[in-house]
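In what follows, a structure is listed as structure tokens, so that the remarks can point back to it.
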Amino acid sequence: MSSSSREAILAAARRTAQAHGYSGLNFRDLADDVGIKAASIYHHFPSKADLGAAVARRYWEDTAAHLESMLAGTSDPVRCLQQYPDIFRKSLESENRMCLCSFMAAEHDDLPEAVKKEVQTFADVNVAWLSRVLSAAALVSSEESERRARAIFAAVAGAQLIARSRSDISLYDALIDSYRVAGLLPA
């Protein structure tokens with residue numbers, strides 16, 4: 001099986017997990033989506049846990065790369081903080097999907113340990129990036145940056161959850177705007 005098949009499986013698993021979570025990952029449905037036999041998926045992913053961990057790992061790696069690219073693209077850390085919610089908005093724009101790791105985090109008690117680890121890493125990557133950018137922007141003290149970063153991450157993820165539950169992206173935008181007015185995010 002080629003690496004392009006592996007990538008197609010990961011892409012299909014990402015879309016599925018963003019819409020239905022870890023519990024929605026089903027080898028037969030993924031095989032139909034990719035156009036292969038279900039047994040072929042086992043070549044790259046011996047178990048659902050292996051697939052779930054791989055797709056969550058790829059998701060946080062892609063997010064980390066995007067965050068670093070955003071930071072490299074501007075010398076203004078405040079601008080990066082203003083753009084941060086756009087990452088979560090893109091999932092809503094794609095058929096009202098959610099951040100994959102936020103969805104999986106809601107399933108925490110039912111996740112295999114390997115998947116939990118990758119989901120937690122996603123949160124850690126986001127909080128570390130936010131903390132670093134908050135410090136660079138001198139918006140909070142270095143002692144307060146991690147606490148503020150966690151608050152921003154939780155608030156943005158929460159706004160996405162509420163907007164998804166109503167299938168209303170304008171609600172997401174209104175919540176993000178309210179965070180700016182309240183001073184959680186820079187205006």
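The values are calculated or read from the model by the stated rules, or taken from the named source; none is laboratory data. What you are looking at is a predicted structure, and each value in this text was computed from that prediction instead of being measured. Ideal geometry is used to build each Cβ from the backbone, glycine not excepted, and the neighbour counts take in all protein chains shown. All accessible areas refer to the heavy atoms of the entire protein, side chains included, with ligands and DNA or RNA removed. Shrake-Rupley method; radii C 1.70, N 1.55, O 1.52, S 1.80 Å.
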inquiry  = Treating only the Cβ of Lys, Arg, Asp and Glu as charged (+1, +1, -1, -1), what charge dipole size does the chain show about its Cα centre? Round to the nearest 20 debye.
reply    = 100
request  = Working from Cα positions, state the angle (0 to 90°, nearest 10) between the long axis of helix 169-182 and the longest principal axis of the chain.
outcome  = 30
query = Using a simple spin-label model with points 7 Å from Cα along the Cα→Cβ vector, what separation in nm is obtained for residue 38 and residue 114?
reply = 2.0
query = Using the heavy atoms of the protein chains alone and a 1.4 angstrom probe, what is the accessible area of the stretch 1-70 per residue in square angstrom?
reply = 49
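Grab the other residues whose beta carbon is less than 15 angstrom from that of residue 7, score K and R as +1, D and E as -1, and report the net.
+2
Looking at this model, which pairs from 90/116; 90/117; 37/117 are more than 26 angstrom apart at the alpha-carbon? Present the calculation step by step, with values, prior to reporting the outcome.
Values: 90/116 23 Å; 90/117 24 Å; 37/117 29 Å.
Exceeds cut-off: 37/117.
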note = Farthest towards the positive end of the dipole of the stretch 81-183, among 157, 130, 105 and with Cβ unit charges of +1 on Lys and Arg and -1 on Asp and Glu, lies the Cα of 130
remark   = Within the set 42, 172, 84, GNM on the chain using Cα springs under 10 Å gives the largest fluctuation to 42
note = Of the accessible area of the chain, computed with a 1.4 Å probe and all protein chains kept, carbon and sulfur make up a percent value of 51
